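Novice: Have a look at the structure that comes next, please.
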């Protein structure tokens with residue numbers, strides 16, 4: 001087959017790019033409620049959606065973020081990866097969101113994220129965010145894990161340093177743990193826990209006789225991330241336990257509960 005024949009073949013069987021679709025209430029229900037729900041019973045559908053904490057809308061050719069105002073405050077995790085989204089918007093109604101993935105979309109600018117004060121995990125990898133459209137002030141300070149891999153903004157010579165310096169609660173950036181050394185280099189204090197983690201990582205790496213082997217490096221990296229995750233989970237348990245103790249003290253002394261705890265009870 002010569003070049004002209006190849007070109008003719010590609011033209012004849014060329015696949016059209018999918019057209020962006022709307023994010024509707026019906027789509028949210030279809031993707032997140034069990035089969036057999038009655039789509040005509042709007043009130044019941046709304047009630048069932050309001051009880052869901054994880055909303056999954058990945059791979060749905062969604063072009064615009066919308067229609068979340070009908071969802072309840074229980075939504076903590078939102079999956080919008082592998083869509084056709086170009087702009088971050090209309091998330092202000094999801095005040096309790098802690099986990100958001102927008103990986104593999106068409107987003108060009110970091111914006112409209114400060115309305116999410118509880119956001120801990122943000123995945124914006126493999127989008128189109130350039131250095132010109134990168135504003136560190138648009139990220140909420142609550143972030144613990146941030147992934148920007150695959151964006152042009154990562155080519156900035158001080159990509160990690162400037163983000164670590166501004167987002168002081170961050171523990172992982174672009175799938176790599178932030179070290180105590182990196183924190184100190186940008187003028188931040190590093191705790192003894194950070195030093196302990198770094199020593200553990202050094203021990204893991206030094207115990208590997210062939211660090212050039214990809215499989216070994218991946219296994220060590222996985223072990224490091226798992227240890228960090230376990231620490232984060234233990235920290236959350238300790239925090240919840242401490243909060244419960246404070247609530248008991250408030251009850252015994254007839255003081256009002258905090259507004260957030262009162263809403264849950």
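The values are calculated or read from the model by the stated rules, or taken from the named source; none is laboratory data. If you're wondering where the values come from, they're calculated on a predicted model, not measured in any experiment. Because the Cβ atoms are built from the backbone with ideal geometry, glycine has one as well, and the counts that use them run over all protein chains shown.
Novice: Select, from 131, 141, the only residue that is part of a loop (DSSP other than H, G, I, E, B), touching a residue at least 24 places away in the same chain (Cβ under 8 Å) and closer than 15 Å to residue 168 by Cα.
Specialist: Just one listed residue meets the conditions, 141.
Novice: Going by the structure shown, is residue 38 surrounded by fewer than 16 Cβ atoms within 10 Å (Cβ to Cβ), part of a helix (DSSP H, G or I), out of contact with any strand residue (DSSP E or B) (no Cβ under 6 Å at 6 or more places or on another chain) and assigned by TED's automatic domain parsing to the domain that holds residue 146?
Specialist: Judged against the criteria, residue 38 is not a match.
Novice: Please go through segment 46-66 and give me each residue that is over 19 Å from residue 76 (Cα atoms) and in contact with a helix residue (DSSP H, G or I) (Cβ under 9 Å, 6 or more places away or on another chain), ordered by number.
Specialist: Of everything in segment 46-66, those that are over 19 Å from residue 76 (Cα atoms) and in contact with a helix residue (DSSP H, G or I) (Cβ under 9 Å, 6 or more places away or on another chain) turn out to be 60, 62.
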